[in-house]
Amino acid sequence: MATAFYAKSQTLVLAKDAAQYIGKNVTICDSVYSAKALDKLTLINLGGAYPKELITVVINKEDLGKFPSEPSSMFMGNKICVTGIVSDYKGKKQILVTDPKQIIVK
């Protein structure tokens, strides 16, 4: 029995260029400079520490249980690649992560 796999290739984008990809599904690789767990979400800042981050990875509270530990400490200080749709929130670029498979530690 043969099994077929479909892999959609992702566009690899530099964090500094995220604004050019609003609404697009991309992969961004960069270092985690700061991260914070809040009541309703966790924020992971790539390319610089808040408020000078280039893009923020956003993980909502309802998705935190899918991770083996708190993502803000799990990824801090690592280089990660995150795949998802780039959006703009109050002038800041972000990617919403709903599944741990969207983030790979390099």
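Rule-based calculations on the coordinates, nothing more; no lab input. None of these values were measured; they are calculated from a predicted model. Note that we place each Cβ from the backbone using ideal geometry, even for glycine, and neighbour counts take in every protein chain shown.
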- Item | Volume in Å³ per residue [convex hull over Cα atoms, computed for the chain] | 118 Å³
- Query: Gain in length, ALA37 to LYS16, computed as 0.36 nm per residue apart minus the alpha-carbon separation, to one decimal in nm?
  - Reply: 5.2 nm
- Query: Hey, which of these cross-link pairs are over 23 Å Cα-Cα: LYS66/LYS92; LYS16/LYS61; LYS52/LYS93?
  - Reply: LYS66/LYS92; LYS16/LYS61
- Given ALA15, ALA35, VAL57, which one lies farthest toward the positive end of the charge dipole of the chain, if we put +1 on the Cβ of every Lys and Arg and -1 on the Cβ of every Asp and Glu? ALA15
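Can you show me the helix-derived [θ] at 222 nm for the chain, built from DSSP H runs with n ≥ 4 at -39,500 (n - 2.57) apiece and divided by the number of residues, rounded to the nearest 500. Write out the running numbers ahead of the final one.
On the way: 2 runs with 8 residues, N = 106.
-1000 deg cm²/dmol, from helical runs alone.
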- Task: Return the aspartates and glutamates within reach of LYS101: Cα separation strictly under 13 angstrom, same-chain partners fewer than 8 residues apart disregarded; answer none if there are no such residues.
- Result: ASP63
- Note to self: C-alpha centroids of the stretch 80-106 and the stretch 6-58 sit apart, in Å, by 5 Å
